[in-house]
Each structure stands twice: as structure tokens, then as C-alpha cells.
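Note sheet for the following structure.
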Amino acid sequence: MKREDVLMEALPYIQKFHGKTIVIKIGGHAMVDPNILETVIQDAVLLRYVGMKVVLVHGGGPEITEKMKAMGKEPKFVAGLRITDQETLEIAQMVLVGKINDGIVSLIANCGARAVGLSGNDGNLLIARKMDLQKIKIGDVEHEVDLGHVGEIEEVDPRVVHCLLEQGYIPVVAPIGIDRSGKSLNINADTAAAELATALGAFKLFNLTDVDGVMNADRSRIYHRLKLHEVEAMIEDGIIVGGMIPKLLGCMKAVGSGVTSAHIVNGNKGHNLLLELFTDEGVGTMLSV
Ligand SMILES: Nc1ncnc2c1ncn2[C@@H]1O[C@H](COP(=O)(O)OP(=O)(O)O)[C@@H](O)[C@H]1O
Ligand SMILES: CC(=O)N[C@@H](CCC(=O)OP(=O)(O)O)C(=O)O
């Protein structure tokens with residue numbers, strides 16, 4: 001394909017997406033290489049300059065795990081959610097708000113746009129409540145597990161994000177929520193991104209992770225297009241497991257509540273965000289109703 005053909009293929013998409021809101025979740029596994037993260041940020045800034053309203057939500061799971069291990073703590077997960085005691089919550093806040101959020105805001109500035117970092121307590125953005133006990137099966141016996149300071153989002157007040165978008169800023173959101181008494185809660189970043197996309201009435205939700213998309217049972221191929229009922233069946237059949245569960249539950253909720261499509265894309269491959277958005281074939285998995 002000639003270089004001008006690439007641009008001509010993108011043009012109708014650029015026109016269609018102008019003025020639309022896109023929520024991009026950058027997973028911790030898509031931030032391991034700083035050079036790749038910089039490419040993702042360059043893409044996000046480009047989207048902002050072609051007239052899209054860009055909101056970033058970031059994770060940081062691998063870095064929280066690393067810090068926990070360095071402090072002699074063993075990380076434990078239930079259905080992709082981290083069991084969070086008081087010390088783990090403090091580590092998560094330090095890593096997510098103190099380090100990663102700040103780093104992304106600086107990277108955006110280096111790429112020539114303006115960003116503002118937020119977490120769930122800013123403008124009551126993510127109001128949550130402590131998550132109920134989770135049921136897990138060990139052998140034939142069902143156990144109830146308390147996840148600790150893990151939040152389930154009750155309400156999103158997107159006004160602070162709207163204000164920033166109107167003023168041309170890129171909001172960068174860390175997945176820490178607050179409960180109604182002002183206590184912080186650790187929230188899965190995929191869930192936070194999906195709830196935010198829904199509350200903003202976003203056009204698209206993007207999930208940048210470390211696999212090319214949603215894969216089949218033996219991980220030999222990816223699905224480029226999936227419908228809600230197909231994903232439901234894949235979760236039930238155990239084809240979708242671990243960290244992919246909150247990702248897809250979030251995408252399903254967003255798409256079921258009016259977000260036109262949700263995309264799972266490999267964030268570790270250069271400019272995949274642009275390729276998924278602006279080419280006919282795309283590169284990852286697109287989920288729609
Ligand atoms: N059906 C599936 N297709 C692709 N990946 C899957 C699937 N089920 C589970 N996974 C796992 O989900 C992981 C992505 O989730 P996670 O580790 O939480 O990433 P992130 O930090 O980007 O949020 C993949 O690396 C993969 O191991
Ligand atoms: C409750 C819960 O699991 N919170 C997550 C928050 C960060 C996150 O979701 O990061 P990724 O997107 O990189 O996985 C955690 O502690 O790992």
C-alpha cells in the first residue's frame with residue numbers, strides 16, 4: 001500500500017471520530033517498557049489533536065505486585081482482583097497515584113499536550129463501596145473471601161472530566177475510589193475505565209494490554225469481533241480467565257450501556273491504538289452489542 005493510501009484509509013475515520021469521547025485504559029502490562037509507553041502516549045496526543053476527547057485510565061498491577069514482594073508481602077488475587085489489606089492499599093496508592101499517574105502526565109506534556117492527573121476522590125469522580133465477600137471454590141468446597149479494601153463503583157460523577165475536556169486537557173485517571181465516608185478503596189483499573197466510559201457517554205472504550213486480543217482456549221488465534229453473548233459463554237466455559245475477566249466484564253457493561261464498541265488491543269506493539277481506530281481491518285478484538 002502506498003503511503004498516501006494509508007492516510008486516505010484513515011480520513012473517513014478521522015472525520016467520523018471528530019469531537020467524540022474515547023476512554024483509553026493502559027494496563028500495567030502495557031507499561032513495562034518506557035519506550036512503548038511513550039508511543040502509546042504519542043498516539044493519545046495525536047488523537048487529541050485530530051479532535052477527539054481523550055481520557056486515559058491507567059493500571060499498574062505488575063508494579064504494585066513488585067513493590068509488595070520487595071516488602072515481603074505475597075500478592076493474592078481472586079477473579080483478577082487483588083486482596084488488599086491496609087498496607088497493600090498504601091502501596092497501591094503510592095504506585096498508582098504517586099508514581100504512574102504523575103509519570104503519564106509528564107509524558108503527555110513532553111509530547112506537546114496538557115494533562116491533569118486525577119484519582120477517584122477528585123470531584124467525587126469514583127464513589128465506591130467495599131466489595132462484598134467473594135465466593136471461590138477450592139475442590140468441591142465453596143469459601144467466602146474478604147478482599148479487604150477493594151471497591152465496587154457505586155456512582156461516577158464525570159463533571160470534573162467534562163470540565164477538563166472542554167478546556168482541552170487530557171484527564172489521566174488513577175483507579176483509586178473513595179467511599180461515602182472518605183476512605184480510599186483499590187479499584188480494578190478495567191472496571192474504573194468501563195464505568196467512566198459509560199458515565200461519560202463515550203463513543204469507544206479501549207483496553208491496552210499485553211496480548212493481541214481475546215483468544216481461544218489454546219491461545220492459538222484471536223477473535224477480531226465478538227458479541228456480548230459470545231463473551232458471556234467464553235467466561236462461563238473458562239476460556240476467559242484471570243485479568244481478562246474484569247476487562248471483559250467492564251467492556252460488556254460499557255457496550256450494554258451505550259458505548260458503541262469496546263476494543264482489546266496489544267499495547268506493547270507500536271501504534272496499535274491508531275491501527276485499530278483508523279484502519280478497516282483493525283488489529284485487536286472489537287466487542288459490540
Ligand atoms: N481468552 C483470553 N484471551 C487472551 N488473554 C487472556 C484470556 N484469558 C485470560 N487472559 C490473560 O489476561 C491477561 C491480560 O490481563 P492482565 O494481566 O490483567 O493485563 P493488564 O495489566 O493489561 O490489565 C493476558 O496476559 C492473558 O494471560
Ligand atoms: C482491586 C484491584 O485488583 N486493583 C488493581 C488496580 C491496578 C490495576 O487494575 O492494574 P492493571 O490494569 O495493570 O491490572 C490492583 O491492585 O492491581
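Rank by packing, highest mean first: peptides 249-259, 86-96, 198-208, 71-81, with packing defined as the count of other Cβ atoms within 10 Å averaged across residues. Write down the numbers at each step before the final one.
Details: 249-259: 20.5, 86-96: 18.5, 198-208: 23.8, 71-81: 13.8.
Averaged packing, sorted descending, gives the order 198-208, 249-259, 86-96, 71-81.
For region 132-289, what's the relative contact order in percent, using C-alpha pairs closer than 8 Å and at least 6 residues apart?
On the way: 232 pairs, mean separation 35.6, N = 158.
Relative contact order here is 23 percent.
Report the FRET efficiency, 1/(1 + (r/R0)^6), for L11 and S261, where r is their Cβ-Cβ distance and R0 is 25 Å, rounded to 0.05.
Working: r = 20 Å, r/R0 = 0.79.
E between L11 and S261, to the nearest 0.05, is 0.80.
Quick check on packing: order 236-242, 106-112 by the mean number of other C-beta atoms within 10 Å, highest mean leading. The partial results should precede the final answer.
Details: 236-242: 11.9, 106-112: 15.9.
Highest to lowest by the protection proxy: 106-112, 236-242.
Considering only DSSP beta bridges where both residues belong to region 3-281, give the percentage that are antiparallel (nearest 5).
Numbers: 16 of 43 bridges.
Of all bridge pairs located within region 3-281, approximately 35 percent are antiparallel.
Per 0.36 nm of contour for each residue apart, how much would the distance between R221 and K137 grow if the chain were fully extended, relative to their Cα-Cα spacing? Show your work: numbers first, answer last.
Numbers: separation 84, 0.36 × 84 = 30.24 nm, distance 2.94 nm.
Full extension of this stretch gives 27.3 nm more.
Work out from phi, with θ = phi - 60° and the Karplus expression 6.51 cos²θ - 1.76 cosθ + 1.60, the ³J(HN,Hα) of each residue of region 246-261, listed in order in whole Hz, and give x for Gly and Pro.
Values per residue, Gly and Pro as x: x, 4, 6, 4, x, 4, 5, 5, 5, 5, x, 10, x, 5, 4, 7 Hz.
Pop out the ³J(HN,Hα) list for region 99-110 in order, Karplus 6.51 cos²θ - 1.76 cosθ + 1.60 with θ = phi - 60°, rounded to Hz; leave Gly and Pro as x.
The phi angles translate into 10, 5, 4, 4, x, 5, 4, 5, 4, 5, 4, 5 Hz.
In the chain, if the dipole is taken from +1 on Lys/Arg beta carbons and -1 on Asp/Glu beta carbons about the Cα centre, which of M68, L228, N266 is farthest to the positive end?
N266
Tell me, rounded to the nearest percent, the portion of alpha carbon pairs in the chain spaced more than 30 Å apart.
Details: 11191 of 41616 pairs.
That tail contains 27 percent of the Cα-Cα pairs.
Under unit Cβ charges (Lys, Arg +1; Asp, Glu -1), what dipole magnitude, rounded to 20 debye, does region 3-281 have relative to its Cα centre? Display every interim value, and only then the final one.
Numbers: 28 positive and 37 negative charges, 104 e Å.
That gives a dipole near 500 debye.
Over the chain, what is the relative contact order in whole percent, taking alpha-carbon pairs under 8 Å and six or more residues apart? Please list the in-between numbers first.
Values: 589 pairs, mean separation 66.0, N = 289.
Dividing the mean separation by the residue count of the chain yields 23 percent.
Return, for the Cα atoms of region 1-146, the radius of gyration and Dmax in Å, separated by a comma.
Cα-based Rg and Dmax for region 1-146 come out at 19.5, 61 Å.
Once the Cβ-Cβ distance between N121 and I235 is put in as r, and R0 is 22 Å, what FRET efficiency do you end up with, to the nearest 0.05? Don't skip to the answer; put the middle values down first.
Numbers: r = 31 Å, r/R0 = 1.42.
After rounding, the FRET efficiency stands at 0.10.
Note down the relative contact order for region 105-148 as a percent, whole number, built from C-alpha pairs under 8 angstrom at least six residues apart.
Numbers: 33 pairs, mean separation 9.8, N = 44.
That works out to 22 percent.
Rule-based calculations on the coordinates, nothing more; no lab input. All figures in this text were calculated on a predicted structure; none of them were measured in a lab. Glycine also receives a Cβ, built like all others from the backbone with ideal geometry; neighbour counts cover every protein chain displayed.
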